[in-house]
1. Within 18 Å of the chain's Cα centre (by Cα) and surrounded by fewer than 20 Cβ atoms within 10 Å (Cβ to Cβ): does that describe residue B:22?
2. I need the full set of residues from the stretch B:95-114 which are within 12 Å of chain A (Cβ to nearest Cβ) and within 25 Å of the chain's Cα centre (by Cα), in order please.
3. So which helices (runs of 4 or more DSSP H) stay within the stretch A:319-388 end to end and still have 2 or more residues that are in contact (Cβ under 8 Å) with a residue 60 or more places away in the chain and within 14 Å of chain B (Cβ to nearest Cβ)?
4. Could you tell me which numbered condition residue B:75 fails, if it satisfies all but one of (1) at pLDDT 90 or above; (2) within 14 Å of chain A (Cβ to nearest Cβ); (3) surrounded by fewer than 22 Cβ atoms within 10 Å (Cβ to Cβ); (4) within 17 Å of the chain's Cα centre (by Cα)?
5. Mind listing just one residue for me: the one in the stretch B:132-157 that is touching a helix residue (DSSP H, G or I) at 6+ places or on another chain (Cβ under 8 Å) and in a loop (DSSP other than H, G, I, E, B) and, of those, nearest to residue B:84 (Cα to Cα)?
6. Find the residue count for the stretch A:249-261, including only residues that are part of a helix (DSSP H, G or I) and more than 11 Å from chain B (Cβ to nearest Cβ).
7. Spot the failing condition for residue A:308; the list is (1) modelled with pLDDT under 85; (2) surrounded by fewer than 23 Cβ atoms within 10 Å (Cβ to Cβ); (3) away from chain B (no Cβ under 14 Å); (4) in a helix (DSSP H, G or I), and only one is missed.
8. Out of the residues in the stretch A:89-110 that are modelled with pLDDT under 80 and not in a helix (DSSP H, G or I), state the one that is surrounded by the most Cβ atoms within 10 Å (Cβ to Cβ).
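The values are calculated or read from the model by the stated rules, or taken from the named source; none is laboratory data. All values derive from a computational prediction rather than experimental measurement. Here the Cβ positions follow ideal geometry from the backbone for every residue, glycine too, while neighbour counts run over all protein chains shown.
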């Protein structure tokens, strides 16, 4: 019986649409997977020595490397949960066809949950924890205690695995959790509040008391038990396997009619963002980019103004890049309608363009808090915002013409895993989007001064705005050339 | 109205559509029949310029569809659910199509209201998004949307499939009305020979991408079609082998196998 399940699984993996890409993409994905695993392995093997060096040099304050690891473990698990939420597929997806076959429901659920245990996200931590624990043993830590600690980490990882199963079903949990993470991270960074003070002893406890690994393992077993019973109850077409039906709400968007011809599409795009999970999370994530500049404020980058420009592009253009880069895929599920209706391409594109302009302007307003950091930061943001509005908005649409990944609007999965969205052309087009402004900055900042650099970027943006109609003509032609390929690509299902 | 010349569509060298010439006059109602893989949907997709012809072309009202987009204002179609916008309510979808075709909300409301019996009290006015409606109700919405804005060419792929009996009867009336309008050219494909012969005036039978029959409807059309399809099915019937062995011989064979 289990062999049959495995056989199905293998076929669904090998025959999935993502697997049928060209060889280059496959090699690239494989390459990345190996790199990540190797990095984990390296981190596990060398973390101890690197941390010891850091402590000796007084960069890091901790009693010993092991204590330092325990200190940061809370963030490890936080990121673990975050990544899982976005990328780990839920087991319910392929259950429907199994329901009426002669399997007991218990068996189906056990198989589905078992499948999550074997996922990449549980294998990955092993690549860190196994070498790290080995190093601990070599360094003379008590074998019994190390094993207890190691098993405790395994228990927590598995608990997160089952916890994620619930998180995926309860959408409201996600954004508050994310907000808590971000705030805790920032508070830690600036030393206002240190959550690790409270969590470090917990992780140390698992080492100090060799029996205590039982607790997380029990927790994992309990989470598994709850998940099992939860899914057993959900195993009906009108329960867990049903897609949730929300009551439709119609809103009056007639104030957008002032946009003239494009109002029709603009109204649709706003509904698209409001009513679809995937589009909504992209929209919200776009605004998280506003905080991106914080990462560039470390002393490491002090005085490197190019980095400010770079940060400014991301801070003001988060939505532009995340949403705009996937135009026209947002309309993929009804692309045939759009292509056979009386829709001029230009209006269709123009509505997306306006949407990005409005969001970029809004992001810039939110970025005002950088004024408190320094006026030069704000200048960088301002210049970058103009560049984004004038130039990048068009370039993003241009690269979108080559993206042929259908988007499942109702699902959050693959939000970051759309490997097909990578291709050489879109990769090349990131150069004018991100590198060109930095180059322009230095071209004018070096011979003259900072201000000249920022002004030059802004002027380029304005030039882009003046040339918009010509760029749009070009994009329109590309869209027309790619039309049949795009329709065919969107018709493919996973 | 629609002229098809030397139209061929091939995938990897396999010819899936091969129509030398087909002329559809303005106001005609054409029924397209054929088994799976006959090329019906391929033909519709070519008509809507959703796929590229390998050779040849289609002109619709003097517009070559793959050269100019001027056919779009007078053409409407419902081929499959990719013509529906899942996150809109049926009303919003109608308004959207209406706005694209230059109709205001009141016009659209009036048109939809005139088909209230088609919806059977379902599908519209239920505070549901299109993606949450049943397949049948989705289809109803898609079909009515093709009638918005007085199109001159209406293309419906398998409109009867998935519909409940009351709606099928009502749909037949709607298509007949369109067929009677001398301004409107209708193309309907269907696997239901009874429905399609009832509502259209000309039947084109496709088989493996070729037009094998093209007939103006008369009282004998249905019988002719039925005969043709029975013929195809019999041509693929399992080969019957006469069994002439006696019981003794059978037992001998069984014993040997053991």
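1. yes
2. If the condition is that a residue be within 12 Å of chain A (Cβ to nearest Cβ) and within 25 Å of the chain's Cα centre (by Cα), then B:95, B:96, B:97, B:98, B:100, B:101 are the ones that fit.
3. Passing ranges, in order: A:335-340, A:345-366.
4. Exception for residue B:75: condition (3).
5. If we take residues in the stretch B:132-157 being touching a helix residue (DSSP H, G or I) at 6+ places or on another chain (Cβ under 8 Å) and in a loop (DSSP other than H, G, I, E, B), then B:133 is nearest to residue B:84 (Cα to Cα).
6. Selection size over the stretch A:249-261: 5.
7. Tallying (1) modelled with pLDDT under 85; (2) surrounded by fewer than 23 Cβ atoms within 10 Å (Cβ to Cβ); (3) away from chain B (no Cβ under 14 Å); (4) in a helix (DSSP H, G or I), residue A:308 fails exactly one: (2).
8. That would be A:95.
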